[in-house]
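Below: the structure, in structure tokens.
The values are calculated or read from the model by the stated rules, or taken from the named source; none is laboratory data. The model shown is predicted, which means the values in this text are computed figures rather than measured ones. Note that each Cβ is placed from the backbone with ideal geometry, even for glycine, and that neighbours are counted across all protein chains shown. Side chains are part of the model used for accessible areas, which takes the heavy atoms of the whole protein and leaves out ligands, DNA and RNA. Shrake-Rupley method; radii C 1.70, N 1.55, O 1.52, S 1.80 Å.
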Amino acid sequence: MRNNTPTGAAAGSTPRSAVPALAWQESALCAQTGPEFFFPAPGSSTREAKRLCGACPEREACLAYALEHDERFGVWGGLSEHERLNLRRNRR
């Protein structure tokens, strides 16, 4: 899932060092949709977000970003919060 503001940066002030690391967001399919798919209400389905992520060429970069920055909410790289937590636990 695309994050409009890089971690630690104020809106409109993207640090130069963050630009290459976040370049994947420009071509991510989520950049063309609304956040409601990727941040559904509790108990709602994540199926549509996961389907979009499955077709996205930036899925791996998105998931890596989410894991590196400990994103705790929403669908990132095709995985829900719970799935990312399980992935982190299994990597230890």
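Within segment 33-50, the set of residues being under 11 Å from Val75 (Cα atoms) and either part of a helix (DSSP H, G or I) or at pLDDT below 85 (or both) comprises Pro35, Glu36, Phe37, Arg47, Glu48, Ala49, Lys50.
Applying the set (1) at pLDDT 95 or above; (2) open to solvent by less than 80 Å² (accessible area, probe 1.4 Å) to Glu60 leaves exactly one unmet item: (2). So in segment 70-86, with the set limited to residues that are out of contact with any Lys or Arg (no Cβ under 9 Å at 6 or more places or on another chain) and open to solvent by 50 Å² or more (accessible area, probe 1.4 Å), which one is farthest from Ser45 (Cα to Cα)? Applying the filter and picking the extreme gives Asn86. Restricting segment 14-32 to residues that are modelled with pLDDT under 90, open to solvent by less than 60 Å² (accessible area, probe 1.4 Å) and not in a helix (DSSP H, G or I) leaves a set whose member that is nearest to Ala66 (Cα to Cα) is Ala23. Under the condition of being part of a helix (DSSP H, G or I) and not acidic (Asp, Glu), the residues counted in segment 53-92 number 19.
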